[in-house]
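A.B. asks: Just dropping this structure here.
The values are calculated or read from the model by the stated rules, or taken from the named source; none is laboratory data. Everything numeric in this text was worked out from a predicted model, so none of it was measured. Methodologically, a virtual Cβ is constructed for each residue, glycine included, from the backbone with ideal geometry; neighbour enumeration extends over all protein chains shown.
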Amino acid sequence: MMYEGNCSLKNFVHQHRRNFLIRNSEKQIQRVRKQYCCCGVSVLLLLCFVCGCASKVVRPQNVPADAVFVFGAKIGWWQQCIAADVEQRVHCRIWNGAGLVLLDEDILPYDGGPLPKAVELQIDPESTFSGPDRIILVNKRYLLPKSRFEELKKFVNWLEGKSDRPR
């Protein structure tokens with residue numbers, strides 16, 4: 001009889017231990033599911049935040065519709081160039097993000113070549129070396145204001161690795 005009691009006690013302990021492990025396994029599974037769910041929700045929220053909060057550029061009222069927003073390191077500028085074929089000149093304007101005019105004058109090509117034609121005046125919105133005092137076209141030509149041409153030419157020489165000093 002003692003043997004049967006031990007056996008049933010042994011069976012009871014074994015059964016209880018198995019039920020304990022199963023319950024703990026279910027709890028662990030539920031905990032892991034919650035963690036995956038929370039992680040998934042976090043990733044989804046992060047994606048929504050990144051996509052939804054992408055900075056949208058708002059064109060100030062005084063900036064013409066054909067001006068191009070050019071991205072800088074932290075800020076950007078609105079740039080516009082117009083070719084006057086009759087007068088053989090190119091006039092460019094640059095505004096800051098708020099619409100303040102930074103540049104409004106005739107320009108010269110940095111490379112010393114001929115002035116770009118109207119069809120070539122396509123401003124590169126994502127150029128690496130864009131700035132509030134120079135315009136870079138899609139064909140990688142730099143346009144510099146006449147009033148500061150020599151000064152900015154030295155700076156562009158430095159940007160392009162043709163000089164040791166920026167000015």
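A.B. asks: If only one of Val43, Val119 is loosely packed, with under 10 Cβ neighbours inside 10 Å, at pLDDT 70 or above and part of a helix (DSSP H, G or I), which one is it?
C.D. replies: On the way: Val43 fails: loosely packed, with under 10 Cβ neighbours inside 10 Å.
Sole residue among the options that is loosely packed, with under 10 Cβ neighbours inside 10 Å, at pLDDT 70 or above and part of a helix (DSSP H, G or I): Val119.
A.B. asks: Report, ordered by the first and then the second residue, all pairs with beta carbons closer than 6 Å, sequence separation of six or more or different chains, a first member in the range 123-145 that is more than 15 Å from Gly112 (Cβ to Cβ), and a second member that is in a loop (DSSP other than H, G, I, E, B) and among the aliphatic types (A, V, I, L, M).
C.D. replies: Asp124/Val138
A.B. asks: Consider Lys153 against the criteria (1) surrounded by fewer than 15 Cβ atoms within 10 Å (Cβ to Cβ); (2) more than 21 Å from Leu100 (Cα to Cα): it satisfies all of them except one. Which criterion is unmet?
C.D. replies: (1)
A.B. asks: Could you please find all residues in the range 73-106 being on the phi < 0 side of the Ramachandran plot and among the polar types (S, T, N, Q)?
C.D. replies: Answer for the range 73-106, where residues must be on the phi < 0 side of the Ramachandran plot and among the polar types (S, T, N, Q): Gln79, Gln80, Asn96.
A.B. asks: Here is a further query. Take the range 69-107 and flag every residue that is of a type in the set (A, V, I, L, M) and over 17 Å from Leu144 (Cα atoms).
C.D. replies: Ala73, Ile75, Val86, Ala98, Leu100, listed by residue number.
A.B. asks: With respect to the numbered conditions (1) modelled with pLDDT of 65 or more; (2) surrounded by 10 or more Cβ atoms within 10 Å (Cβ to Cβ), which one is the sole condition not fulfilled by Phe49?
C.D. replies: So Phe49 meets the others, but not (1).
A.B. asks: Test Lys162 against the stated conditions and say whether it is touching a residue at least 12 places away in the same chain (Cβ under 8 Å) and exposed (fewer than 14 other Cβ atoms within 10 Å of the Cβ).
C.D. replies: On the way: touching a residue at least 12 places away in the same chain (Cβ under 8 Å): no; exposed (fewer than 14 other Cβ atoms within 10 Å of the Cβ): yes.
Criteria not met by Lys162.
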